[in-house]
Amino acid sequence: MAEDVVSLAEAAELPVERVGGKARGLGRLVAAGFPVPPGFCLPVDAFTATAGLAEDGEDGKTGKGGEDAGGSGLRRDAVARVKAYWEALPSPHGVAVRSSATDEDGAAGSAAGQYESVLGVRTFDELLAAVGRCQRSRHSAASAVYRNRIGLTGQAPAMAVVVQAMVAPTWAGVLFTAEAPVADDDHLVLVEAVEGLGDQLVDGTVEPDRAAFSRREPHAPVFSTVFGERMGGTDDDEGPLRSLVRTALAVERALGGPQDIEWALDATGLHLLQARPITAAVPPPTRFGDWASEVPGARWARMSICDSWLSDPLSPLFATTLFPALIDRWATNWGGPRGLRARSPLIPEPMHGTVNGFAYLRFDFPLSRYPLRTLRLTARWLAFHLSPVERLWRNDVLPALRAGLEHARDAPLDELTSAEVLRRVRAVEDLSARYWAVIGGLAWHWNTTEWLLGAVLARGGRRTAGLTPGSLLVGEDRLAHQADRALERIASAPEEDEERLLREYLHRFGHLVYSLDPAEPTAADDPSMLRSVIAGRRADGAPGSPAPGPGGAPAPRLGGGPLGPLRRGVHRWANHWSGVRDEALHHFTLGWPFMRAGYLELGRRLVLAGLLDADEDVFYLTGRELSDWVSAGAGDARWRELVRERRLRRRWQRRLDPPDVVPADARITLFGSDITSLALFGTERGNGEGDGLSGSAVSPGSYTGRARVIHEVADADALEPGEVLVVRQVTPAWAPLLTRAGAVVADVGGALSHGSVVAREYGIPAVMGVRTGTSRIGTGDTVTVDGDTGTVRSRSRP
């Protein structure tokens, strides 16, 4: 006769048909020497043929010799042996009684959560009742639906039952050793954890802490893991989390494939509670990583350049070179030179930083603590912004940038020494940072005048009903329209002239960027989107540019009356600064193609030196690492692996939704008043509810159409005429694509961002700053974009 009870070690050698998937998996862990809580298995043949079919208290209630099966479904002659194993099992915290069906935890399906588990069992009568509950769960309606869905039709599977001593964990959770059934070196190890018992995580009643680690040694964390410190480790040392990852990957090797592992950590160490094959791709979590400042006490906001221009996590090179330079020059406008700022208790240092790779600016200014210094700082800020910044820009900063670029390009990069290449790149970076600093002053004027125009229109009553700044500040011969007409000429020309005309277009507009990070190509580097727009226009008959709108004849629309001249004067003022914005932002990225080319040239040399695998890997070095190599040849043989880890980290960070402020409850107060909304003007966004999203209403009108979600420029040719374009951000380089779109939805940006200006120029409804549009909207969904209210409603495709 088969054994009524077997140890977990014995279960490893028995067929799944006898002990089920869970017991066999635990047995294999025990046999391989992994830490598994002690326990035993009640095999399939320990139960009656009708186990699980009768109601509580009836199934196997009484056997020969007076043995009480307690509704467990056990054979009448098995109860005594089960009781003996129960009494011998050391279980000061009770036991866990868990199903081990023959279709459970296998390669064909996991059956996760389909069958019953009972925790905290402390008496033998409770044990028998719990075993019965497990047996009855295999006949439940939910488990039948699951089996039909994965193609396992027919009667319910046979079931064994596992009994294990419980632990009293300080932490428990689940871990995926890879992201799919077949592991890839670029996959991550994903960890979810809760304090105490892990059943609250499985039940979904508690939001877990999460961490992600590289599969490769030394298994570096991809995101900051504050909860890892609470577990007794840090990102840099071994700690319990890193030890858990190493153990899990050892389990993967022992069991022959990626595993979904349940684990617990108590005072004695790590315990593995279950391991089953990963049978489907692991969906990326919507929330991952800890949003905590690496600078103690610092408060951060995604404002200004961070929100409008830097929607993705930064490359290491940009984060340590051009990004700090841009912020330093900007801060000089109102805070004075770096030395002066360093002595001021008002201005925090560093002013810039990243959290999980995303760009943030400091906003923890102790203004109320130093009222006199605050007044002086305010005066310095006003002095700069009220100075003749347009003249400074036109007569000094822009000519200096052009002259510096001309000098930087006076010799081919491949003929220069590495030190000279880097010197010229840094010179252009400094000129670009100085340009960005003056944009801060210009932006105050164009933002203020647009706000003032809106205020005047709002008080015009019936005379100005329906008018908005967005509807009036269009119609001039903006650069966006000039670029659009140039593309129209290319589409209308014979195909043999396309390359020549495209080169002319790129000579004028090729410096426009999809992202400020030089790791991403400019329009000149990757004209694929332009080619798709040209091809689409040629196929569609090369339609002309959108109508310029009513902005050219404002007088009749602004009404008469005593305030008519005031409204027209404000409109002329706002229209002037709207033109300045168009021109200033167009020239801002003139230096980007050169900076990118210079870094790629250095990357090429690093490849020849055997330190990198590809030219583009240079963007995953830090500024210090690159400078040290250029100046002293101090390359590191580990750079290949470091670059690989950093690429992987950035790829995963792209899945995150960065909050507007860090920490989440950070506020700005001035003499007792909360001025956060004022400080983050144009940044704070609403949260969508249900099937809707909300953000900034940046271009008026309403439009309903089919959504097209585009994550990469290379996918731009998929946009069909009239579709709703859903993207992370809209920078000047995206403008040609907007001529095909019926409306625009962007995760980042606001009413004052350049993307909103482009949308208004083209006269299409747009809502920006919805945060999660690219993740919540799917291509093919029907989307209604209301550019007047800032709402987006989505209906999923059937």
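Here the extension length gained between Val295 and Ala80 equals 71.1 nm, from 0.36 nm per residue of separation less the Cα-Cα distance.
Peptides 354-363, 563-572, 621-630 ordered by packing proxy, namely the average of other Cβ atoms within 10 Å per residue, highest first: 354-363, 621-630, 563-572. With neighbours defined as other Cβ atoms within 10 Å of a residue's Cβ, the residues Tyr435, Tyr115, Tyr85 order from fewest to most as Tyr85, Tyr435, Tyr115. Fewest neighbouring Cβ atoms within 10 Å first, the residues Phe40, Phe365 line up as Phe365, Phe40.
The order of the peptides 414-425, 579-590 by mean Cβ neighbours within 10 Å, most packed first, is 579-590, 414-425.
Protection proxy ranking for 255-264, 328-337, using the average of other Cβ atoms within 10 Å per residue and placing the highest first: 255-264, 328-337. Taken along the Cα-to-beta-carbon direction at a fixed 7 Å, the label points for Ser140 and Arg654 span 4.0 nm. Subtract the Cα-Cα distance of Thr448 and Arg394 from 0.36 nm times their separation in residues, and report this length gain in nm to one decimal. Contour length minus the Cα-Cα distance gives 17.4 nm. Amide H contacts under 5 Å for Ala101: Gly21, Lys22, Ala160, restricted to partners 5 or more places along the chain or on a different chain, H placed in the peptide plane at 1.01 Å from N. The length gained on full extension between Arg793 and Thr772, counted as 0.36 nm times the residue separation minus their Cα-Cα distance, comes to 6.3 nm.
Across region 761-778, coupling constants 3J(HN,Hα) worked out from phi with the 6.51/-1.76/1.60 Karplus curve, θ = phi - 60°, read 4, 8, x, 10, x, 8, 10, 10, x, 7, 6, 10, x, 5, 9, 8, 9, x Hz, and Gly and Pro carry x. Put in order of Cβ neighbour count within 10 Å, fewest first, the listed residues Val757, Val121 become Val121, Val757. For region 363-478, dividing the convex hull volume of the Cα atoms by the residue count gives 202 Å³ per residue. Residues whose amide H falls under 5 Å from that of Ala359, counting only those 5 or more places apart or on a different chain, are Leu314, with hydrogens built in the peptide plane.
Throughout, read-outs are computed from the coordinates displayed, never taken from laboratory work. Since the structure is predicted, the reported quantities are computational estimates derived from the model, not experimental observations. Cβ atoms come from the backbone with ideal geometry, glycine included; neighbour counts cover every protein chain shown.
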